[in-house]
Each structure stands twice: as structure tokens, then as C-alpha cells.
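Q: A single structure is presented below for examination.
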Amino acid sequence: MMKREVPDILNTMSLKMPAVALRGIVILPGMLAHFDVSREKSIKAVEYCMTNTQKIFLVAQRDVEQEEPTIEDLYEVGVVAEVKQIIKLQNNVARILVEGQERARLCSFPDTKEYLLAEVVCLENEPEKELSQEVEQAMLRSIRETYRSYQMVNPQAGKELLRQIGEISDLGKLMDQIANNLPIYYREKQSILEAASLTERYEVLVALLLKEVEIAAIKNELQTKVKERVDRNQKEYILREQMKQIREELGEDNTESDVDTYLKDLQKLDADEEIKERIKKEIDRFRNINTNSSESTVARGYIETLLELPWNKASVDNRDIQNAEHILNADHYGLEKVKERILEFLAVRNLTSRGDSPIICLVGPPGTGKTSIARSVAKALDKKYVRISLGGVRDEAEIRGHRRTYVGAMPGRIVNGIKSAGVKNPLMLLDEIDKMSRDYKGDTASALLEVLDSEQNVKFRDHYVELPLDLSEVLFIATANSAQDIPTPLRDRMELIEVSSYTENEKLHIAKEHLFLKQTERNGLKSNQLFISDGAMQKIISGYTKEAGVRGLERRLGEIARKAARDIYEGKKTCVKVTGQNLSKYLGKEKYSFDKKNDTDEIGIVRGLAWTSVGGDTLEIEVNIMPGKGELQLTGQLGDVMKESARAGISYIRSISEEYEIPRKFFKEHDIHIHIPAGAVPKDGPSAGITMATAMLSAITKIPVHADVAMTGEITLRGRVLPIGGLKEKLLAAKNAGIETVCVPKRNEKDVDEISEEIKKGLNLVYVEHLRQVLDVAFVK
């Protein structure tokens with residue numbers, strides 16, 4: 001039996017009860033706590049007490065690592081507790097809920113086989129010197145004041161406990177209540193537990209409280225120092241301001257801060273008061289930001305953008321309408337509709353002193369001068385010129401800008417264009433507006449709706465700038481190759497002006513008056529060192545280029561100029577003359593040729609007219625009749641619309657077969673094959689309807705068709721002829737092929753009136769409303 005010596009007076013008052021050795025925890029009287037036990041002896045001790053008085057002795061180990069503690073490994077004083085609850089957990093672990101009741105001194109372990117049976121003496125029964133009422137009240141007040149000091153430096157202690165302490169009048173209970181709620185190490189709690197007398201317990205508890213107050217004060221001091229380090233950037237800002245003041249006192253104030261520069265620029269800025277107030281707020285905010293932080297860079301960029309924008313700054317436009325007309329005519333040949341619309345705008349503005357800037361969209365094939373005419377318009381009106389390429393743009397932020405919350409945010413292309421122009425009324429070219437696309441980031445075309453709406457763009461808001469910007473005075477000119485590729489809401493906001501293909505005569509004028517001079521100058525040639533005859537020019541246009549515009553023509557002229565420059569530099573020649581006879585020496589053999597009209601009238605062959613992206617062309621439609629089962633064959637890479645036109649044509653021919661004495665069995669016993677040469681080129685559209693119908697009827701009836709007749713028009717089931725598009729290019733192709741008579745839909749007569757006489761000269765235009773009229777002109781009688 002393990003035994004510890006105790007006073008003789010206590011041996012008569014000893015109690016025996018099961019005991020549990022605690023590791024790293026001390027239970028005080030009045031304390032409700034739970035802990036886990038896993039040692040076999042501890043679990044059996046708890047189970048025994050639950051079947052008897054539910055009383056158990058809890059004592060802390062001196063060394064928490066000791067697995068089988070002896071009496072020497074335990075503290076002398078523990079606590080008698082009542083077991084309130086036991087919960088069995090996994091892995092032979094039990095969770096015990098106990099309430100400490102009274103201090104007790106461990107005397108011995110009479111039995112340690114199954115569990116620790118402890119012999120203890122309750123310390124409340126030990127004799128103690130009685131305290132006077134004055135001393136006890138002084139201790140109560142002292143402890144309360146000390147705990148109040150502790151609570152002030154440890155707010156997490158809670159005010160509720162402070163209130164409860166104020167209501168407890170028993171000194172022992174007060175000290176136990178405070179000790180139970182102190183977040184202290186178990187050894188320090190053990191020292192409180194071992195203080196049996198009130199005086200000793202008071203001294204230990206007050207010492208601990210004062211120690212905790214001192215620790216909390218040191219902790220707060222350390223936190224203050226850490227905070228001072230965090231606020232070092234702010235401190236540096238104050239020091240810089242002091243250094244600036246010192247420099248000014250010493251007369252070394254030759255360097256201005258960014259804030260002073262921004263404020264000076266703000267005073268000079270021509271903008272509304274609302275704009276200036278917003279910029280002033282941003283400058284004040286920038287003043288308080290550390291210059292080394294990333295936020296400072298963002299604020300700096302935003303302020304500089306706002307200060308560089310021309311809020312109310314506008315250029316003075318040239319109002320001389322004769323000067324504008326002269327510049328437009330000097331820079332470009334043709335493009336009459338564009339020039340006329342610009343001069344109308346200038347005239348209206350001169351009359352009203354303020355006219356709404358038009359929003360024009362130039363639609364036409366590549367190389368027809370859409371982009372360059374915008375630069376000439378800016379020159380004619382003395383406007384700043386800004387070009388924004390929209391080809392391939394698919395992010396809405398490209399137009400509206402990025403929000404400043406994103407890293408690397410910047411304004412959109414519209415605001416950047418205004419900023420680079422330096423005035424609020426430039427000419428802004430939106431190039432390739434039909435080449436925009438969309439993705440998950442947004443629809444670019446939808447973002448342009450506000451920009452190109454004269455009712456809304458008075459207060460255009462860029463996501464980056466976040467302030468209303470007036471775009472109503474900007475002259476917008478957009479360019480596109482196809483109006484069908486522009487979304488309908490966006491197309492509705494613009495005034496479409498068609499820029500059609502150039503005729504050969506127009507190309508000749510452009511080459512002589514513009515392109516030739518441009519290429520000679522670019523290649524370092526003088527005006528008397530290179531000559532190209534009109535015949536050579538004509539041959540270049542017809543034999544070496546096939547386009548609606550003049551880009552290819554300019555490249556051919558550049559090729560000639562480079563070879564001439566080499567000959568002159570090497571001393572072979574002093575002057576180069578290019579004629580139709582020696583043109584192949586510079587450009588090689590001719591690359592293109594027009595399909596001329598047939599020499600003889602043939603059966604089942606009819607000349608049609610087509611529109612392509614590089615101008616007009618002629619199509620020779622061939623029809624063969626052969627014995628078969630009444631099938632209709634279509635070859636030549638024809639589209640669905642073209643195939644349907646052929647079926648509509650054969651249906652009409654069958655309906656009028658009796659008029660041409662075609663046997664009823666003919667369509668059941670013969671196959672009809674329609675072929676359009678250049679089989680590698682896809683073809684589609686309804687405009688070849690009357691051409692295919694005429695060719696089929698010619699092949700069926702064996703009636704020849706005039707070789708000098710061409711035609712275009714859509715056919716219906718009843719033989720009516722409907723209007724078509726691209727008439728200018730088609731007539732130009734017919735003229736180049738040597739066609740003399742062209743059948744045109746009657747409803748296209750208004751379009752023919754707008755075509756220049758140069759194209760119509762030498763062509764006999766026959767307006768038709770029905771296929772019968774076409775047959776009267778085309779068939780050889």
C-alpha cells in the first residue's frame with residue numbers, strides 16, 4: 001500500500017473513494033468540466049463510483065507523460081467531485097462530466113489493483129484561523145478591483161462574469177469562481193487548489209491576476225508596435241511632407257509633386273464643374289495613398305486620363321464649302337454620293353450654326369477608297385482624324401472600356417480615340433464595322449448602339465472613365481464590305497452609302513491622276529523618268545487586274561516603278577517608257593481575260609450576268625436535252641436558291657408547252673441537264689432565273705439565242721420577272737464582254753437611272769416584266 005504522511009488529527013476524518021489521475025487539467029471546487037479517460041484503471045474507477053455514491057477523487061499528475069503514476073507522481077491536493085455523466089466513446093475512451101465540490105488531501109492508495117482507491121481528507125475540515133469581517137471585506141474589494149483591472153486589459157473575459165463577481169459575497173466562492181474562469185496553466189491552478197486557507201488562496205490568486213494584467217499590458221504594447229510597423233507607410237508620407245516643407249524653407253523647392261501638377265492642370269482644364277469636382281476628389285484621394293502601393297498607380301492613371309480628355313475643347317471647322325469640294329475632288333475620283341452627303345452636312349451647319357453630325361456607313365467592295373475618303377473628309381473640314389479598326393474585335397470592353405476594379409484596366413477605343421485627337425469633335429473612322437464578332441465577354445456590336453445613336457451619345461459613359469462624355473459632335477464614318485453582316489439594330493442607326501465598283505474609265509483616271517504619281521514618288525523617281533501610255537494603262541486594268549477597287553492596280557504600277565528605278569540606278573536607261581507593246585517585259589504575260597460574246601447564235605446557250613465581291617462577271621449557261629426519265633440535272637456548284645430558280649423555270653416552260661408545240665410526253669421521256677461553267681466556283685442567287693429558263697426553252701424547241709444578248713432577273717412560277725441587285729457591276733461586265741443588248745427587270749429601271757452614262761453608253765437596255773418579253777428579244781426569229 002502506497003502511503004503519504006499526514007497529521008494525526010486528520011487520520012480520524014479520512015474517506016475512501018475511487019480516484020482518477022488527471023493529465024494537464026486541474027478541477028477546482030464549483031467548476032463544471034468534462035474530460036476524457038482512456039486508462040483501464042481510470043475507467044473502472046469511474047464505473048465503480050457510478051454504482052455507488054458517484055463521488056470520485058480527482059488529482060493532477062506532476063508529469064503528464066507518466067502512464068502508471070504512483071502517489072509520489074501526484075500532487076498532494078485534489079478535489080472531490082460528483083460524476084454527472086459518462087459517455088462511452090470509440091477506442092475504449094470515456095468522456096466524463098464532473099462538478100468539483102471540495103478540496104481534499106491525498107493520504108494513501110490502500111488498493112491499486114483494479115483501480116486507484118484513494119484515502120483522502122477533506123481540507124474544509126482542517127482548522128483555520130478565523131478572519132475578521134473588516135479583513136474579509138478588504139479582501140473582497142481588493143479581488144474585485146484587481147479582476148476589474150484584468151477585465152479592462154482583457155475584454156474577452158466578458159462583462160457578465162464581472163457582474164456575477166459583484167454579486168458573490170462569500171470570499172471562498174468568489175476566489176474559486178474567478179480561478180475557474182482564468183485562462184491559466186494547470187500548474188498555476190494547482191497552486192490555487194493547494195492554498196487551503198483563505199488568506200493563502202487570496203495571496204496566490206491576486207498574484208496571478210496581477211501577473212496576468214502585466215502580461216496583457218505587455219501584449220498590448222507589442223500589438224501597438226506591430227500596428228506602428230503596419231502604419232509605417234503613413235508615417236513615411238508625413239515625413240515626406242515635412243521634408244518638402246524643409247526644402248521650401250531652404251529655397252530648394254524646384255521639384256513639384258504630382259499632386260501640385262495635377263491641380264495646376266485641373267485649373268487649366270476646360271470642363272464642366274461636375275467634372276472638375278470629380279477630378280478634384282480623385283486628386284485628394286491620390287494625395288493620401290502611398291506612392292509605393294499598386295493603388296497609387298491605378299489612381300495616377302485614372303487622373304491623367306481624366307485630365308487629358310478634351311471635355312469642352314473643340315476644333316474650329318472649315319466652313320468654306322467650295323474649299324471642301326475642291327479637296328474632295330482633288331483627292332478622289334468618283335464617289336459622288338459620299339462627297340454630296342458631306343457637302344450637304346457642311347451647308348446645313350453653315351445655315352443653322354449647328355448641325356447634327358451625320359453617322360455614315362460606306363458599304364462597298366475592298367479597294368474602292370472607303371477608308372481614304374474619310375481622311376480626305378477630315379482634311380476638307382479641318383477636323384482631327386482618328387481611325388479605329390474594328391476587324392476581329394470581340395470584347396465589349398474594347399468599346400466601353402474596363403472597370404477600374406480590374407488590374408490593368410484602361411478606357412475603351414472610343415475614349416482613347418477622343419483623347420488622342422485632343423478635341424471633342426474629331427472625325428472618327430470605324431473601319432471594318434462588319435468584321436466584329438462576339439463571344440462570352442459580350443457583344444461588341446451591341447456596345448456600339450449607344451455610340452452611334454445621336455439621341456444617346458450626348459452622355460456616353462465609358463466603364464473606366466465613369467463620367468458622361470459628349471459624342472454628339474463627333475463625325476462618325478464607318479466602312480463595311482457587306483451591309484448584311486452588320487446587325488440590324490446597328491445598321492438602322494447609320495446612313496448607308498453604297499460605294500460601287502469602279503469602271504475601267506474610272507480606274508484609268510484614278511491610275512493617271514493619283515496612283516501613278518504616288519508610286520513614282522514612293523520609288524524615288526522624278527516626273528520625267530517614267531512614262532506609261534494610256535494604252536498600257538488600259539491593258540494593265542483589263543489584263544493584269546480583276547477587282548472592284550484599285551489595290552491590285554496600284555501594286556502593278558508599283559512593280560513597274562521598281563523595275564524602272566533599277567534600270568535608271570544601274571545606268572541602263574535615263575528614262576523608261578512603257579507602252580502596250582513592251583508592257584509584258586515589266587509585268588509578264590496577261591493574267592486575266594474577259595469572256596467575250598460568242599461569234600454565232602447557238603441553241604441552249606445563253607449569257608447571264610452575275611455579281612461578285614470583285615465586280616461583275618458573265619455566266620454562260622449551257623443546257624443539253626437527252627433521252628431519259630424526265631429528270632432535271634444541275635451542275636456547276638449551284639446553291640439552293642439557284643436550283644429552286646431552275647425548277648421554277650422548268651415548271652413555267654411546262655405550263656406553256658402547247659404554245660411552242662412541245663409534245664406532252666417530252667418531259668417524261670427526256671432529261672434536262674443545266675451546267676454553268678467554272679465548276680470550282682460556288683454560285684447562288686435568284687438573278688439567273690430568266691437566263692436558265694430561256695436556255696432550257698431554247699434547247700427544247702431548238703430555237704437559237706442571239707449571241708449578243710445577255711439578261712438578268714428572277715423568275716416566278718407564272719413567268720413574271722422580279723428585280724435583282726448589283727446592276728451596275730453586271731452592266732459593266734456585259735459591256736466588257738461585248739454584249740449589245742441586255743434584258744433588265746422593269747422594276748430595276750430606277751436603279752439604271754443612277755448608273756453613269758459611261759457604263760450605259762453602247763448598251764441597248766430592254767426592260768422586261770415577263771419571260772415572254774425576254775424570249776421575244778433573245779430568240780432568233
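The values are calculated or read from the model by the stated rules, or taken from the named source; none is laboratory data. Owing to the predicted nature of the structure, the values given are computational and were not obtained by experimental measurement. Don't worry about glycine lacking a Cβ; one is built from the backbone with ideal geometry, like all the others, and counts go over all protein chains shown. Side chains are part of the model used for accessible areas, which takes the heavy atoms of the whole protein and leaves out ligands, DNA and RNA. Shrake-Rupley method; radii C 1.70, N 1.55, O 1.52, S 1.80 Å.
Q: Being hydroxyl-bearing (Ser, Thr, Tyr) and part of a helix (DSSP H, G or I) is the filter; apply it to region 436-452 and report the residue that is most open to solvent (accessible area, probe 1.4 Å).
A: Out of the qualifying residues, it is Ser446.
Q: If Asp176 satisfies every condition in (1) open to solvent by 40 Å² or more (accessible area, probe 1.4 Å); (2) touching a residue at least 24 places away in the same chain (Cβ under 8 Å) but one, which is the exception?
A: Going through (1) open to solvent by 40 Å² or more (accessible area, probe 1.4 Å); (2) touching a residue at least 24 places away in the same chain (Cβ under 8 Å) one by one, Asp176 breaks only (1).
Q: Please work out which residue is surrounded by the fewest Cβ atoms within 10 Å (Cβ to Cβ), limiting yourself to region 1-24 and to residues that are modelled with pLDDT under 85 and among the β-branched types (Val, Ile, Thr).
A: Within region 1-24, the match that is surrounded by the fewest Cβ atoms within 10 Å (Cβ to Cβ) is Thr12.
Q: Could you please find all residues in region 181-207 being closer than 20 Å to Val135 by Cβ, assigned to a helix (DSSP H, G or I) and touching a residue at least 12 places away in the same chain (Cβ under 8 Å)?
A: Result: Ile192, Leu198, Thr199, Arg201, Tyr202, Val204, Leu205, Val206.
Q: Follow-up question, since we're still on this one. Taking only region 462-484 into account, find how many residues are within 22 Å of the chain's Cα centre (by Cα) and in contact (Cβ under 8 Å) with a residue 40 or more places away in the chain.
A: Qualifying residue count, region 462-484: 7.
Q: Suppose we filter Glu455, Glu513, Glu521, Glu473 for residues that are open to solvent by 70 Å² or more (accessible area, probe 1.4 Å), part of a loop (DSSP other than H, G, I, E, B) and not basic (Lys, Arg); which single one remains?
A: Glu455
Q: Here are the criteria: (1) in contact with a strand residue (DSSP E or B) (Cβ under 7 Å, 6 or more places away or on another chain); (2) of a type outside the set (Lys, Arg); (3) at pLDDT below 85. Tell me which single one Ile96 does not satisfy.
A: Going through (1) in contact with a strand residue (DSSP E or B) (Cβ under 7 Å, 6 or more places away or on another chain); (2) of a type outside the set (Lys, Arg); (3) at pLDDT below 85 one by one, Ile96 breaks only (3).
Q: Go through (1) in a helix (DSSP H, G or I); (2) open to solvent by less than 10 Å² (accessible area, probe 1.4 Å); (3) hydroxyl-bearing (Ser, Thr, Tyr) for Thr368 and report which single condition fails.
A: Every listed condition holds for Thr368 apart from (1).
Q: Please name all residue pairs, on different chains or six or more residues apart, with Cβ atoms under 6 Å, provided the first residue is in region 584-603 and is of a type in the set (Phe, Trp, Tyr) and the second residue is assigned to a loop (DSSP other than H, G, I, E, B).
A: These pairs meet every condition: Tyr592/Lys546; Phe594/Ala737.
Q: Mind checking which residues of region 371-423 are at positive phi, open to solvent by less than 60 Å² (accessible area, probe 1.4 Å) and at pLDDT 80 or above?
A: Passing the criteria: Gly401, Gly422.
Q: Within region 305-330, can you find the residues that are in a helix (DSSP H, G or I) and open to solvent by less than 70 Å² (accessible area, probe 1.4 Å)?
A: Within region 305-330, Thr305, Leu306, Leu307, Ile321, Asn323, Ala324, Ile327, Leu328, Ala330 qualify.
Q: Further question: Can you name the strands (runs of 3 or more DSSP E) wholly within region 535-628 that have at least 2 residues being more than 30 Å from Leu335 (Cβ to Cβ) and open to solvent by less than 40 Å² (accessible area, probe 1.4 Å)?
A: 605-612, 615-627
Q: Looking at region 424-435, which of its residues are in a helix (DSSP H, G or I) and surrounded by 21 or more Cβ atoms within 10 Å (Cβ to Cβ)?
A: Ile433, Asp434
Q: Which residues, taken from region 261-304, are assigned to a loop (DSSP other than H, G, I, E, B) and crowded, with 18+ Cβ neighbours inside 10 Å?
A: Leu269, Ala271
Q: Limited to region 24-58, what total is found for residues that are within 24 Å of Asn181 (Cα to Cα) and out of contact with any Phe, Trp or Tyr (no Cβ under 6 Å at 6 or more places or on another chain)?
A: Residues in region 24-58 being within 24 Å of Asn181 (Cα to Cα) and out of contact with any Phe, Trp or Tyr (no Cβ under 6 Å at 6 or more places or on another chain): 15 in total.
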